[in-house]
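Report on the structure given below.
We did not get these values from a lab; they are worked out from the coordinates using the rules stated. Treat the numbers as computed from the prediction; the structure is a model and nothing was measured. With ideal geometry, Cβ positions are generated from the backbone for all residues, glycine too; neighbour counts draw on all protein chains shown.
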Amino acid sequence: MKSWAGIMRPLNRNIDKENEVMRTNHKFALGALAGALIGAAGAHAIHAQQAKVPPAYVVAEVEVTDPANMQKYGEKVPETLAPFNHHYVIRSNKIQALEGEPPKGGVVVIAFDSAEKARAWYDSPAYEAIRPIRQSAAKSRIFIVEGIAPQ
């Protein structure tokens with residue numbers, strides 16, 4: 001006849017194995033949870049950095065001297081802008097001077113996601129190809145203005 005200790009020893013071994021498997025599962029679960037939390041924190045940090053890039057605006061003061069060529073230019077500009085995330089903010093010659101001299105022609109303001117993207121459009125081969133049309137059809141000042149980063 002087996003003693004009580006002899007009967008319990010195999011049971012204790014099984015319980016020890018089950019506890020070891022359970023500890024391993026807990027370690028795995030804790031590791032997975034820690035990894036998920038680190039990943040979420042990293043994604044949040046990356047999103048926060050991306051959200052802080054200020055928008056930028058291409059501002060143009062344009063006095064048309066050759067309406068026919070300026071019309072050709074105006075028809076071609078949209079296709080140069082298409083690859084860039086942009087929208088027109090202002091496209092008008094209705095200007096009210098408050099201080100100083102107003103531009104003699106119209107004003108165009110185009111919004112981009114960043115100054116880098118605005119510059120990429122201006123330097124793009126597509127826009128570079130039509131820029132001489134504008135330069136011969138108008139007197140203009142064009143510049144990029146960086147906006148305020150969203151909070």
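Side notes on the structure shown:
- Which of Ser140, Ser92 has the fewest Cβ neighbours within 10 Å, and the rest in rising order: Ser92, Ser140
- For the stretch 56-146, the dipole from Cβ point charges (+1 on Lys and Arg, -1 on Asp and Glu) about the Cα centre works out to 220 debye, to the nearest 20.
- Backbone N within the stretch 68-91 under 15 Å of label point (7 Å from Asp113 Cα along the Cβ vector): 82-87
- Ranked for footprinting exposure by Cβ neighbours inside 10 Å, fewest first, Leu81, Leu98 give Leu98, Leu81.
- Built amide H within the under 5 Å cut-off of Val89, gap 5+: Val109, Ile110, Ala111
- Structure note, pairs Lys76/Lys139; Lys52/Lys104; Lys76/Lys104; Lys117/Lys139; Lys52/Lys94: Cα-Cα distances above 28 angstrom occur for Lys52/Lys104; Lys52/Lys94.
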